[in-house]
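The values are calculated or read from the model by the stated rules, or taken from the named source; none is laboratory data. This is a predicted model, so every value here is computed, not measured. Here the Cβ positions follow ideal geometry from the backbone for every residue, glycine too, while neighbour counts run over all protein chains shown. These accessible areas exclude ligands, DNA and RNA; they are computed on the full protein's heavy atoms, side chains included. Shrake-Rupley method; radii C 1.70, N 1.55, O 1.52, S 1.80 Å.
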Amino acid sequence: VGFRVGETYSVYLNDGNGTPQALTGQCRSMRGSLWIEVTASKMGTFVVVPPLNLPFTDVQEGDWFYDYVEYVYANGLMDGTSGTTFEPDANMTRAMVWAILARVDRETATGTNWIEAAREWAMANGVSDGENANGYVTREQLATMLYRYAGEPETDGSGVGVFDDGETVSIWAFDAMSWARNNGVITGVSDEALLPANTATRAQCAAMLM
(Lines give C-alpha, C1' and ligand atoms only; values in the text may rest on other atoms or scores of the structure.)
Protein backbone atom coordinates (compact mmCIF):
# COMPACT_ATOMS: atom_id res chain seq x y z
CA VAL A 1 0.00 0.00 0.00
CA GLY A 2 1.39 3.41 -0.88
CA PHE A 3 1.14 5.70 2.14
CA ARG A 4 0.96 9.47 1.81
CA VAL A 5 3.29 11.58 3.94
CA GLY A 6 1.54 13.31 6.82
CA GLU A 7 -1.63 11.23 6.67
CA THR A 8 -2.81 9.15 9.59
CA TYR A 9 -3.86 5.57 8.97
CA SER A 10 -5.87 3.00 10.89
CA VAL A 11 -3.99 -0.11 11.90
CA TYR A 12 -5.67 -3.19 13.32
CA LEU A 13 -3.63 -5.40 15.62
CA ASN A 14 -4.73 -9.01 15.96
CA ASP A 15 -3.01 -10.64 18.93
CA GLY A 16 -5.20 -13.74 18.81
CA ASN A 17 -7.04 -12.85 22.02
CA GLY A 18 -10.25 -11.44 20.67
CA THR A 19 -11.39 -8.41 18.72
CA PRO A 20 -8.52 -6.70 16.84
CA GLN A 21 -7.32 -3.51 18.54
CA ALA A 22 -7.42 -0.30 16.54
CA LEU A 23 -4.20 1.74 16.54
CA THR A 24 -3.19 4.75 14.49
CA GLY A 25 0.04 5.70 12.80
CA GLN A 26 1.33 8.54 10.72
CA CYS A 27 3.33 8.29 7.53
CA ARG A 28 6.64 10.06 8.20
CA SER A 29 8.79 9.01 5.27
CA MET A 30 8.99 10.04 1.64
CA ARG A 31 9.42 6.34 0.91
CA GLY A 32 5.87 5.77 2.13
CA SER A 33 6.62 3.78 5.28
CA LEU A 34 4.23 3.80 8.23
CA TRP A 35 5.45 4.70 11.70
CA ILE A 36 3.72 2.85 14.54
CA GLU A 37 4.87 2.87 18.14
CA VAL A 38 3.74 -0.13 20.17
CA THR A 39 4.69 -1.73 23.45
CA ALA A 40 5.75 -5.35 23.85
CA SER A 41 2.27 -6.17 25.13
CA LYS A 42 0.81 -5.18 21.78
CA MET A 43 2.85 -7.47 19.57
CA GLY A 44 0.84 -9.33 16.98
CA THR A 45 -0.24 -9.25 13.34
CA PHE A 46 -0.81 -5.82 11.84
CA VAL A 47 -3.39 -5.09 9.18
CA VAL A 48 -3.25 -1.60 7.70
CA VAL A 49 -6.40 -0.05 6.28
CA PRO A 50 -5.72 3.27 4.55
CA PRO A 51 -8.56 5.75 4.18
CA LEU A 52 -9.99 5.60 0.70
CA ASN A 53 -13.12 6.31 -1.24
CA LEU A 54 -14.44 3.13 -2.79
CA PRO A 55 -15.15 3.57 -6.50
CA PHE A 56 -18.05 1.10 -6.48
CA THR A 57 -21.57 2.40 -7.00
CA ASP A 58 -23.04 -0.83 -5.61
CA VAL A 59 -21.22 -0.62 -2.25
CA GLN A 60 -22.55 2.08 0.04
CA GLU A 61 -21.77 3.07 3.62
CA GLY A 62 -24.32 1.33 5.80
CA ASP A 63 -24.26 -1.89 3.76
CA TRP A 64 -23.39 -4.84 6.00
CA PHE A 65 -20.46 -5.67 3.75
CA TYR A 66 -19.01 -2.15 3.34
CA ASP A 67 -16.09 -2.55 5.78
CA TYR A 68 -15.22 -5.96 4.37
CA VAL A 69 -15.14 -4.72 0.79
CA GLU A 70 -13.06 -1.73 1.86
CA TYR A 71 -10.58 -4.08 3.54
CA VAL A 72 -10.09 -6.50 0.64
CA TYR A 73 -9.94 -3.68 -1.89
CA ALA A 74 -7.44 -1.61 0.12
CA ASN A 75 -5.20 -4.63 0.66
CA GLY A 76 -5.28 -5.73 -2.97
CA LEU A 77 -7.06 -9.02 -2.29
CA MET A 78 -10.15 -8.40 -4.41
CA ASP A 79 -10.78 -5.96 -7.24
CA GLY A 80 -14.06 -4.80 -8.65
CA THR A 81 -15.76 -6.57 -11.51
CA SER A 82 -15.39 -3.24 -13.33
CA GLY A 83 -14.05 0.17 -12.48
CA THR A 84 -17.32 1.13 -10.80
CA THR A 85 -18.90 -2.17 -9.65
CA PHE A 86 -18.00 -4.77 -7.05
CA GLU A 87 -21.10 -6.99 -7.48
CA PRO A 88 -21.31 -8.06 -3.83
CA ASP A 89 -24.03 -10.63 -4.53
CA ALA A 90 -22.22 -12.32 -7.42
CA ASN A 91 -20.78 -15.79 -6.91
CA MET A 92 -17.08 -16.63 -6.51
CA THR A 93 -15.36 -19.44 -8.39
CA ARG A 94 -12.92 -21.81 -6.75
CA ALA A 95 -10.10 -20.43 -8.90
CA MET A 96 -10.84 -16.90 -7.70
CA VAL A 97 -10.36 -18.04 -4.10
CA TRP A 98 -7.08 -19.78 -4.99
CA ALA A 99 -5.83 -16.57 -6.59
CA ILE A 100 -6.81 -14.44 -3.60
CA LEU A 101 -5.04 -16.72 -1.13
CA ALA A 102 -2.00 -16.81 -3.40
CA ARG A 103 -1.93 -13.01 -3.20
CA VAL A 104 -2.11 -13.21 0.59
CA ASP A 105 0.94 -15.48 0.34
CA ARG A 106 2.73 -12.87 -1.83
CA GLU A 107 2.50 -15.10 -4.92
CA THR A 108 1.56 -13.89 -8.39
CA ALA A 109 -1.64 -15.24 -9.87
CA THR A 110 -2.42 -12.75 -12.59
CA GLY A 111 -2.18 -12.50 -16.36
CA THR A 112 -3.44 -14.80 -19.08
CA ASN A 113 -2.64 -18.01 -17.18
CA TRP A 114 -3.82 -16.81 -13.77
CA ILE A 115 -6.08 -19.83 -13.23
CA GLU A 116 -3.26 -22.31 -13.80
CA ALA A 117 -0.89 -20.28 -11.62
CA ALA A 118 -3.49 -20.14 -8.85
CA ARG A 119 -4.22 -23.87 -9.20
CA GLU A 120 -0.56 -24.79 -8.95
CA TRP A 121 -0.14 -22.63 -5.85
CA ALA A 122 -3.27 -24.04 -4.18
CA MET A 123 -2.25 -27.64 -4.81
CA ALA A 124 1.37 -27.09 -3.76
CA ASN A 125 0.24 -25.53 -0.49
CA GLY A 126 -2.46 -28.07 0.32
CA VAL A 127 -5.25 -25.52 0.05
CA SER A 128 -7.23 -27.33 -2.66
CA ASP A 129 -7.16 -30.39 -4.88
CA GLY A 130 -7.23 -28.08 -7.90
CA GLU A 131 -10.40 -29.56 -9.33
CA ASN A 132 -13.33 -27.68 -10.89
CA ALA A 133 -11.57 -24.33 -11.16
CA ASN A 134 -14.55 -22.56 -12.72
CA GLY A 135 -17.14 -24.06 -10.38
CA TYR A 136 -18.77 -21.75 -7.86
CA VAL A 137 -17.23 -22.11 -4.42
CA THR A 138 -19.58 -23.08 -1.59
CA ARG A 139 -19.48 -21.67 1.90
CA GLU A 140 -18.06 -24.88 3.33
CA GLN A 141 -15.46 -25.15 0.53
CA LEU A 142 -14.32 -21.59 1.19
CA ALA A 143 -14.11 -22.25 4.94
CA THR A 144 -12.10 -25.40 4.24
CA MET A 145 -9.61 -23.55 2.03
CA LEU A 146 -9.10 -20.90 4.70
CA TYR A 147 -8.76 -23.59 7.36
CA ARG A 148 -6.10 -25.41 5.36
CA TYR A 149 -4.29 -22.15 4.66
CA ALA A 150 -4.28 -21.47 8.41
CA GLY A 151 -2.51 -24.80 8.97
CA GLU A 152 -5.56 -26.81 10.06
CA PRO A 153 -5.49 -25.70 13.72
CA GLU A 154 -7.12 -27.88 16.35
CA THR A 155 -10.84 -27.45 16.86
CA ASP A 156 -13.24 -28.95 19.36
CA GLY A 157 -15.98 -29.62 16.83
CA SER A 158 -18.44 -27.21 18.40
CA GLY A 159 -20.21 -24.25 16.85
CA VAL A 160 -21.86 -26.08 13.97
CA GLY A 161 -24.52 -27.98 15.87
CA VAL A 162 -26.28 -24.82 17.05
CA PHE A 163 -27.78 -24.42 13.58
CA ASP A 164 -30.82 -26.37 12.41
CA ASP A 165 -28.92 -27.43 9.30
CA GLY A 166 -25.62 -28.12 11.07
CA GLU A 167 -25.90 -31.81 10.26
CA THR A 168 -25.80 -31.01 6.54
CA VAL A 169 -22.16 -29.90 6.77
CA SER A 170 -20.06 -32.35 4.76
CA ILE A 171 -17.86 -34.68 6.81
CA TRP A 172 -14.70 -33.42 5.08
CA ALA A 173 -15.65 -29.82 5.94
CA PHE A 174 -16.78 -30.34 9.54
CA ASP A 175 -13.53 -29.38 11.30
CA ALA A 176 -13.08 -26.40 8.99
CA MET A 177 -16.61 -25.15 9.57
CA SER A 178 -16.24 -25.64 13.31
CA TRP A 179 -12.99 -23.68 13.30
CA ALA A 180 -14.43 -20.96 11.07
CA ARG A 181 -17.57 -20.63 13.17
CA ASN A 182 -15.75 -20.53 16.51
CA ASN A 183 -13.22 -17.97 15.29
CA GLY A 184 -15.72 -15.62 13.70
CA VAL A 185 -14.61 -16.39 10.15
CA ILE A 186 -18.10 -17.45 9.16
CA THR A 187 -21.53 -16.78 10.61
CA GLY A 188 -24.94 -18.18 9.85
CA VAL A 189 -27.12 -16.46 7.30
CA SER A 190 -29.64 -16.43 10.16
CA ASP A 191 -29.74 -17.68 13.74
CA GLU A 192 -30.99 -21.04 12.46
CA ALA A 193 -29.32 -21.53 9.08
CA LEU A 194 -25.65 -22.03 8.21
CA LEU A 195 -26.29 -23.08 4.59
CA PRO A 196 -22.90 -24.78 4.11
CA ALA A 197 -23.61 -25.97 0.56
CA ASN A 198 -24.81 -22.59 -0.71
CA THR A 199 -22.51 -20.66 -3.00
CA ALA A 200 -20.40 -17.96 -1.37
CA THR A 201 -21.01 -14.47 -2.67
CA ARG A 202 -18.28 -11.93 -3.24
CA ALA A 203 -19.45 -10.00 -0.18
CA GLN A 204 -19.37 -13.14 1.99
CA CYS A 205 -15.91 -13.96 0.69
CA ALA A 206 -14.70 -10.46 1.58
CA ALA A 207 -16.10 -10.86 5.10
CA MET A 208 -14.46 -14.24 5.62
CA LEU A 209 -11.11 -12.98 4.35
CA MET A 210 -11.13 -10.02 6.71
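With the charge dipole of the range 83-210 set up from +1 on Lys and Arg Cβ and -1 on Asp and Glu Cβ about the Cα centre, the Cα lying farthest toward the positive end among the listed residues Y147, N113, A124 is that of N113.
Would you please classify the overall shape of the range 133-210 from the alpha carbon gyration tensor, given that a ≥ b ≥ c denote the square roots of the eigenvalues, rounded means a/c under 1.5, and beyond that prolate means a/b larger than b/c while oblate covers the rest?
Working: a/c = 1.40, a/b = 1.10, b/c = 1.27.
Judged from the Cα gyration tensor, the range 133-210 comes out rounded (a/c under 1.5).
A 1.4 Å probe, protein heavy atoms only, puts the accessible area of R103 near 70 Å².
Just the number, please: carbon plus sulfur as a percent of the accessible area of the range 63-210, 1.4 Å probe, no ligands or DNA/RNA counted. Don't jump to the answer; show the numbers that get you there.
Details: 3240 of 7300 Å².
Ligands and nucleic acids excluded, carbon and sulfur give 44 percent.
Taken about its Cα centre, the range 84-210 carries a charge dipole of about 480 debye when Lys and Arg each add +1 at the Cβ and Asp and Glu each add -1 at the Cβ.
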